[in-house]
Amino acid sequence: MPATLDAPAGTAAIALRGVSKVFGTGDAKVAALRDIDLELPYGELVLLVGPSGCGKTTLISVVAGLLDPSEGEVEVLGENLTRMRGGRKVRFRGDKIGFVFQQYNLLPALTAAENASVPLLIAGWHRRKAVEKAAELLTEVGMGDKLGAYPNQLSGGQQQRVAIARALVHEPKLLVCDEPTAALDAASGRTVMGLIRKVAVEPDRAVVVVTHDSRVYDFGDRIVSMADGRVEKVEAGRPAAEY
């Protein structure tokens, strides 16, 4: 895909240099990430794959600024997260990053449209405008007839669609998804991955999906395989044109 002014040609959306992450000390020390060098571009859906415990979630947490590396440099969207501190990092995550998780984390007392509007409300949008924008995005992901439904009235796949809309409603430049299909059956999982490809992949946005579900590997433009805290290989994917 062509670059835009927000994604200059040749600029990586994510750049990791010598990144390691260690938990604990002494005999309890565990190396979750080991000397990772990795660059990921704008305009692609990247799958981060590997067995449970290989470091996928730790790596995505470092990329999203939820964890600090023990060593190395982390640059995301042109910003050095390693040097970013406190409120500035919190604002960066709130403005620039969208999150989709295995657990949908919808608020039970809010409707689908209200749940999807939460990032805009936190950013100070007027409630009516926020809900209207969320409704537009929910319609785009096939939930236009469920705007007033509460989470307990929605299936797992429908709740994940609301979570996707919530993650994208503030137009982030990085979308990170941690096992978004793990709680879904095969058909629903492929539907959700198709929606992520359709509505999230943009020339000026990076999309990273952590998964161990080999059934969705064909949705990735690029596949990063991990083992024992290291990146073993990076391969080009072969996503179909339509899903």
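No lab work stands behind these numbers, since they all come straight from the coordinates. Since this is a predicted model, take the numbers as computed values, not measurements. Cβ coordinates were reconstructed from backbone atoms using ideal geometry, including for glycine residues, and neighbour counts include every protein chain displayed.
Before moving on, here are some points about what is shown:
- Taking only the Cα atoms of the chain, the radius of gyration and Dmax are 17.7, 56 Å.
- Here's the picture: charge each Lys and Arg Cβ at +1 and each Asp and Glu Cβ at -1 in the chain, and of Ala15, Gly94, Val208 the one pushed furthest to the positive end of that dipole is Gly94.
- Whether region 44-98 is rounded, prolate or oblate, judged on the alpha carbon gyration tensor where a/c under 1.5 counts as rounded: prolate
- Thr82 sits among other residues whose Cβ lies under 13 Å from its own Cβ, and their net charge, with Lys and Arg +1 and Asp and Glu -1, is +1.
- Prolate/oblate/rounded call for region 1-119, Cα gyration tensor, a/c under 1.5 rounded: oblate
- DSSP beta bridge pairing in the chain, given as percent antiparallel to the nearest 5: 50 percent
- Residues Ser20, Ser52, Ser117, Ser70 arranged by fewest to most Cβ contacts within 10 Å: Ser52, Ser70, Ser20, Ser117
- Within the shell defined by Cβ-Cβ distances under 11 Å, the residues around Leu137 carry a net charge of -1, with Lys and Arg each +1 and Asp and Glu each -1.
- For the pair Lys29 and Ser52 in one chain, pulling the backbone fully straight at 0.36 nm per residue adds 6.4 nm over the alpha carbon distance.
- Within the shell defined by Cβ-Cβ distances under 12 Å, the residues around Glu179 carry a net charge of -1, with Lys and Arg each +1 and Asp and Glu each -1.
- For the chain, a simple Cβ point-charge model (Lys and Arg +1, Asp and Glu -1, everything else neutral) yields a dipole of about 600 debye relative to the Cα centre.
- Full-stretch length increase - Leu107, Val22 - with 0.36 nm per residue and alpha-carbon distance subtracted: 27.2 nm
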